[in-house]
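A short write-up of the structure that comes next.
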Amino acid sequence: MSQPDVASHQPLDVDALIARIKAEAGTDQDALPMPALVGDALNSAGQADQRPASASALGWLLSALSDEAFLEGAYRTLLGRAPDAVGADAYRRSLARGGSRLLILYILRYSAEGRAWAGEAAASRSHLNLLRQPMLLSRLRRYLKRGGTLSGLLGRMKAVASGPVAGGLSPSPSPSLLSPNSTQRPQLKPAPWLWLYRLAPVKRPLGPFLRFAERRYLRKHPELYAQQAVWQSNQRIDQQHIRVSQVDERVSRLKAEAVETQTGLEHEVQRRERLSKDLDFFRSDLIYHRQQAQELLTALRSAQGQRTQSSYHDQAPAHQGPTARESLVTEPLSNEAIATAAASLQAVLDATVDDRLDAYYVAFEEEFRGSPEQIRATQEGYVADLLGAAVVTPETPVLDLGCGRGEWLGLLAESGLHAQGVDSNRVMVERCRSYGLDARCEDALSALQALPDASLGAVSAFHLIEHLPFALLHALLEQAHRVLCPGGLLILETPNPENVLVGSHTFYHDPTHRNPMTPTATRFLVRYLGFADPEIRRLHPYPESAKVPGQDALTERVNGHLCGPQDFALIARKPKRPVAAQRVPSSTGRATATDATQPAA
Amino acid sequence: MRVLVTANVTPFLQGGADYHIEGLTAALRAQGHEVSCLRLPFNYHRPRDIDALMTFCDGLDLNQPNGQRVDALISLQFPTYGALHDNHRLWLMHQHRSAYELFDAAEASAEDEARRDRIQAFDTRVLGRIPKRFANSARVAERLHHYNGLEAEPLYHPPFAAEQFHCAEAEGYLFFPSRFETLKRQELLIRAARHLQTSVVFLLAGDGGQRARCERLIAELGVSQRVRLLGRVSEAEKRAFYAHSLGVFYGPRDEDYGYVTLEAMLSSKPVICCTDAGGPLELVRHQETGLVVEPTPEAVAAAADQLQRDPALARALGEAGRQRYIDLGIAWAHVVRRLLA
């Protein structure tokens, strides 16, 4: 190193430097993970917010290349906004005449607006406090130590700032620099106290003294007073202009924001449309898979039923050997395996319940099932049956399968009868719960299977059986028979297809209906499964006004078939003693496991 | 609009190209477009795979893949730009440089030469049929013109997290962040350390194949007090090193674009680069936004000394660099507008 280092006298401690910078970076927030639109902030919205982030921000400003850049930076740093036309124009002209940048910084900083802006968030803008500018101060001190003068310094800074021309003094600042709108300032001869202003940026406490000095000077030169007053009023007018242009600027910024918001909204709408399309797609997928699962479950259950029967056969008739059993059961699965598979399928079904379809069904029920009052009127009859049979106790409650909106559960509760409900529709179940009823979201068959023998006083199912595949209905009633205590009641209600309009038309309003059950078939089924005294009650005929007038046989028949009862109920009871004779033996001689396990009395 | 972007991929290896591709797709989405990105594996090291991929891409019709309508196709890299689309735009990141300016005629076999000719002929043919052509930088456009006789409009994009670069008080060091590769010429800066006349030091960030070699060189030349290798630094650390630097050295030969130049400008720092730098010379102007010097250790050392002796000059050049960045209007929104115009 043949030549002494000009800029830095002491050698750099590299390790300390590296450690310091890394430590500083540690407090710096790291970049967002998504590189979206990075860099656009700088070039959008009029190159907004270039507020220099470091303590040397103002030093950086002073050496800005152009006056334009300096003013832009000064306004953004000290006032937090872009320069307004009037103010910038005045300062530009003052700078063009060799005015001091430092002085402009001082004026902006300690203007009402500058103070307000710095004060708003003093903590985060501490770099604006000129008194704490270590860089400015140290630079000044170094300069003064070397015998420089303040005006010389200002000139030098200006020279550095205006280009590669090194050194040289700028014209000394004229007094007109004191005003942001210098052209209107009367041409005063430089006042002797003016130099103090150049100290001001580094010695803020001089402010009051400067004002005092200015007042004194003017008092000694009364001829300047008037001019000063004119200048001051001009200044006030200018400030009004500035304020107006600020409002203008704000208005246009808001307009731009509104346009942006509008565009954003449009994008949002498009995005939602896309999402909603996706959702529809997934829904139809879900419905399809649920159907598949439901069918599989039904198949599994009937296979399970067959298995149960075959194992019963296996034990009962001595002549049937393993060969016969194998002919009945083609699947080499154990009962447990089938039960496990069924349970996991059920779990899948439960997990994929489509709440939206559930909600649809609630709305559908509201529209077509009839008003709660109507339903209640019918159901009061069943309450009488239950009370008459005296089979419902806290230990043997009513279980309502497909409890729906809970009208029946509510009525039972009012009548002091203990009852629980199950439904596979979550929305319905939640509604029941909100009324304080005991309901849970569960599959009807699983609910029955989980119960011990002879544990219910009654099993009811309103408008349920027409929703079920026959194998499931069969299993359900079989289980109902098992869990009812002797003397317990079975109450079923379902659309009556004897009414031609019901069977051919209204039955199909409900998209979840499978097939109508006739009163005859229903009675045969319950009898077959061991229930006694099945009674059919035909309900809800069309009002008289809807019927064809007349008494003759043809009219009667027309009215009977078209305007007759739209629903029927079946009420049966489990015999106090098992009645094997009622079972009509099937051609294959099958019987149910339920009967086989029934204790003989 | 449904926009398909094509590029190459090297799974699990993140580089500048990934930032570029992800930046573009993010910007397209932000403007409300639907974007899908088709990226194909490009096996640089197995020449016959290059041929296979060229053949695959050539004439691949992407108008309606599997019945899905695509409104516009933006191709970024070789050889994916061989695909066909009625509304096809090219934003050329770079061509397969080994077949162009990096082709080593001295080492090449006859087979290499034949492949080079195939690649050049492929490029000329398939790029010629894309009506709207843009290039990552003027340098890339220039090469396209030089080798293939095709024109393209330079279209710049911002570096990652551009708004987070800042300026802080300068310390007496030059910063050089880059992967350690022969092409980036870290060696040039290390050799320059011997010729320094001021106390300026060099801090080099990054990692790569050439790092061990550089460490040996530093030891051999006895300049360990002047040159420090920082290894990998975090993004925040990188920005802090930029912020406090006296200036930035960026030494590569014939670079395509070079985020380092842009990052230095965003940090208001002067850039020292070489007369053969390529892309960076579009942004670094001698004595305006930095210093452009001959690629010799002596010249680089002299430039470093000049900045150290005259901090005011360093500041002025740095600020002019930032101003130039702003004047160029580099923004993703602009990129998307131009590409889909």
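Read-outs throughout are calculated quantities, based only on the coordinates presented, and are distinct from any laboratory measurement. As the structure is a computational prediction, the values presented were derived from the model and not from experiment. Don't worry about glycine lacking a Cβ; one is built from the backbone with ideal geometry, like all the others, and counts go over all protein chains shown.
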Next on the checklist: I want to check the label-to-label distance for A:Asp248 and B:Asp18. Put each point 7 Å from Cα in the C-beta direction and report it in nm to one decimal.
Outcome noted: 5.1 nm
Checklist outcome for this item: In this structure, the FRET efficiency calculated for B:Glu294 and B:Asp86 from their beta-carbon separation, with R0 = 35 Å, to the nearest 0.05, is 0.10
Checklist entry - In peptide B:308-314, how many Cβ atoms from other protein chains are near each Cβ within 10 Å, on average? => result 4
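What's the exposure ranking of A:Arg523, A:Arg20, going from fewest to most Cβ atoms within 10 Å?
Details: A:Arg523 18, A:Arg20 14.
So the residues, fewest neighbours to most, are A:Arg20, A:Arg523.
I need the trypsin sites (Lys or Arg not before Pro) found in segment A:419-502, filtered to DSSP loop residues with at most 11 other beta carbons within 10 Å of theirs.
On the way: sites: A:Arg426, A:Arg431, A:Arg433, A:Arg440, A:Arg482; in loops: none.
When the trypsin sites (Lys or Arg not before Pro) of segment A:419-502 are filtered for loop state and at most 11 Cβ neighbours within 10 Å, nothing remains.
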Item to check | Cα-based shape type of segment B:162-328, given that a ≥ b ≥ c are square roots of the gyration tensor eigenvalues and the cut on a/c is 1.5 | outcome: rounded
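Apply the a/c threshold of 1.5 to the C-alpha gyration tensor of segment A:354-597 and tell me whether it is rounded, prolate or oblate.
Working: a/c = 1.58, a/b = 1.18, b/c = 1.34.
Here segment A:354-597 falls in the oblate category.
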Item to check | Exercise: per-residue mean of other protein chain Cβ atoms within 10 Å, B:322-330 | outcome: 3
Item to check | Mean separation of Cα contacts under 8 Å, 6 or more apart, over the residue count of chain B: relative contact order % | outcome: 15 percent
Next on the checklist: What's the ranking of A:75-85, A:529-539 by average number of surrounding C-beta atoms within 10 Å, highest first?
Outcome noted: A:75-85, A:529-539
Checklist entry - For A:Gly264, what charge total do you get from the other residues with a beta carbon under 11 Å from its beta carbon, if Lys and Arg give +1 and Asp and Glu give -1? => result -3
Checklist outcome for this item: Cβ density ranking, 10 Å radius, fewest first, applied to B:Leu283, B:Leu84 yields B:Leu84, B:Leu283
Item to check | Reachable aspartates and glutamates, given that their alpha-carbon falls under 17 Å from the alpha-carbon of B:Lys238 and they are not under 8 places away in the same chain | outcome: A:Asp15, A:Glu24, A:Asp28, A:Asp30, B:Glu163, B:Glu169, B:Glu171, B:Asp207, B:Glu263
Checklist entry - What distance in nm separates the simple spin-label points at B:Arg213 and A:Thr393, each placed 7 Å from Cα in the Cβ direction? => result 9.6 nm
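Place the peptides B:321-333, B:55-67 in order of packing, highest mean first, counting for every residue the other Cβ atoms within 10 Å and averaging per peptide. Write out the running numbers ahead of the final one.
Values: B:321-333: 19.5, B:55-67: 12.9.
My ranking of the peptides, most packed first, is B:321-333, B:55-67.
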Checklist entry - Average partner chain C-beta neighbours within 10 Å, per residue of B:233-245? => result 5
